[in-house]
Amino acid sequence: MKKMYYCLFCSLYFTITTVSQTTNKKVSFSHYIEGIVNPEDLIFVTDQNWVIISSMASATHSGKIYALHKEESRKVLLFDSAQAGIPVDHLKSFSPHGIYVNKYEEDYMLYVISHGKKETIEIFNLYFNDGNPQINWKDSLDLPATVWANGLVVDRDKKIYVSSMYDPSDPDFLEKFQRKEVTGQIWNWSIQDQWTPFSKDQFSGANGIAISSDQKSLYLSEWANQQIHQLTTSDGTITKSIVVDFLPDNIRGSGSGNLLIAGQIGDPKHVFLSKGISETNMYFSVIALNPSLSDVKKIISGGNIQFANATVAIDVGQYYWLGCVENNKIAVYFKN
């Protein structure tokens, strides 16, 4: 990543900050975990030592959900839209994207954004019987017609926050990405109100989303505009924003309490439309960002013909695992 110098300015409603980045030179590439196509999103269920993986569908590949043990010794196919016994018809076109896992007392729930026959959030019961994961489909939420969802989080009260990257009916969304114009926002679902727009602000490519441990803040990656925002969960007000020098994608928490954010280097339209890996479309960055958005550390700069355009980074013990699209592997980096 090129070294950048930033300026700080404040407005009446929120702060946009650019901060200097330091490089963590202790992280080094270790190996690849092969055999999972398009592992776009990963989430580590830390108390069970399993990583849940969203395997995006493609023209030649059905949408799948996997579980992979942190020691990499066991891989379980949890759901495949091509398998027999699909519980509801629209799941036959299941195309998973962002995922989230919540624990309610002793029960786990897996939430999956799907771009299938219709735009939905699929909800599964997640079990770890004798340490072996399995899922059972529970319910489906249809998303609003103007929403192409990317990431989601769910709070302790089962309120769902979803980032809408763009309006599927907008033919100009790619050009708006290029111009860093607004294309989508955060939506909220609750039992009482169903779907309602949450954020007053709109964003250019609302992408990854995370919630703070105290449930008072949301964090959002504004992909095309290359910013990270902190918002209050009380009313969606932006309290702070920072500029980064890549296209920030999924956001995951780390064991240290920081946010891990992976994303691509390139122009938004080219990256969004990319098919496969090319010399001009492979590079990515991973940063660690503290919850106050005041300290950014560059963890990984990468990209090659084997592994490109990382979409997510998770903290798995002594390693970072990186997911991507247009590839069939997870990249593993050692923390040294």
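The values are calculated or read from the model by the stated rules, or taken from the named source; none is laboratory data. Only a predicted model underlies this, so the values are computations on that prediction, with no experimental measurement involved. Positions of Cβ are generated from backbone atoms using ideal geometry, with glycine treated the same way; all protein chains shown enter the neighbour counts. Note: areas computed on protein heavy atoms with side chains; ligands, DNA, RNA excluded. Shrake-Rupley method; radii C 1.70, N 1.55, O 1.52, S 1.80 Å.
Points worth noting:
- Within the accessible area of the chain (1.4 Å probe), percent carbon and sulfur: 49
- Extents of the stretch 230-306, largest first, come to 42, 26, 17 Å (Cα atoms, principal axes, whole angstrom).
- Gained length - Asp139 relative to Thr239, 0.36 nm times residue gap less alpha-carbon distance: 32.6 nm
- Descending by average beta-carbon neighbour count within 10 Å, the peptides 165-172, 273-280 line up as 165-172, 273-280, the highest first.
- Annotation: for a label point projected 7 angstrom from Cα along Cα→Cβ of Lys216, residues of the stretch 143-178 with backbone N closer than 18 Å are 155-157.
- Summarised as an ellipsoid, the stretch 271-320 has semi-axes of 24, 13, 9 Å, derived from the eigenvalues of the Cα gyration tensor scaled by 5 and square-rooted, with the largest first.
- Within the same chain, aspartates and glutamates fewer than 8 places from Lys70 are excluded, and of the rest, those with a Cα less than 19 Å from its Cα are Glu34, Glu40, Asp41, Asp47, Asp130, Asp315.
- Each of Asn125 and Thr46 was given a label point 7 Å from its Cα along the Cα-to-Cβ line. The distance between the two points is 2.7 nm.
- By definition, a body whose alpha carbon gyration tensor gives a ≥ b ≥ c is rounded when a/c is under 1.5, and the chain falls into this rounded group.
- Virtual spin-label span in nm between Glu279 and Asp267, 7 Å along Cα→Cβ: 1.9
- When each of the peptides 210-217, 51-58 is scored by how many other beta carbons lie within 10 Å of its residues on average, the order from highest to lowest is 51-58, 210-217.
- Computed label-point distance, nm, for sites Asp172 and Ala59 using a 7 Å Cα→Cβ extension: 2.9
- Summing +1 for each Lys or Arg and -1 for each Asp or Glu among the other residues whose beta-carbon sits under 15 angstrom from that of Met56 gives -4.
- Straight-distance candidates among the lysines for linking to Lys275, with alpha-carbon spacing under 28 Å and chain neighbours fewer than 8 residues away dropped: Lys2, Lys64, Lys75, Lys92, Lys117, Lys118, Lys176, Lys180, Lys298, Lys329.
- If you run the Gaussian network model on the chain, springs between alpha carbon atoms under 10 Å, then out of Asp89, Asp267, Asp155 the most flexible one is Asp89.
- Whether the stretch 179-229 is rounded, prolate or oblate, judged on the alpha carbon gyration tensor where a/c under 1.5 counts as rounded: oblate
- For the stretch 168-286, the solvent-accessible area of protein heavy atoms averages 40 Å² per residue (probe radius 1.4 Å; ligands and nucleic acids excluded).
- Relative contact order %, the chain, counting alpha carbon pairs below 8 Å whose residues are six or more apart: 17
- Placing +1 on the Cβ of every Lys and Arg and -1 on the Cβ of every Asp and Glu, with no other charges, gives the chain a dipole of roughly 880 debye about its Cα centre.
- Taking Cβ atoms as reference points and 15 Å as the exclusive limit, the residues near Tyr32 contribute a net charge of -1, counting Lys and Arg as +1 and Asp and Glu as -1.
- Helix-derived mean residue ellipticity, 222 nm - over the chain, DSSP H n ≥ 4, -39500 (n - 2.57), to 500: -1000 deg cm²/dmol
- For the stretch 48-124 versus the stretch 135-157, the gap between their alpha-carbon centres in whole angstrom: 12
- DSSP bridge pairs, the chain: antiparallel proportion in percent, nearest 5: 95
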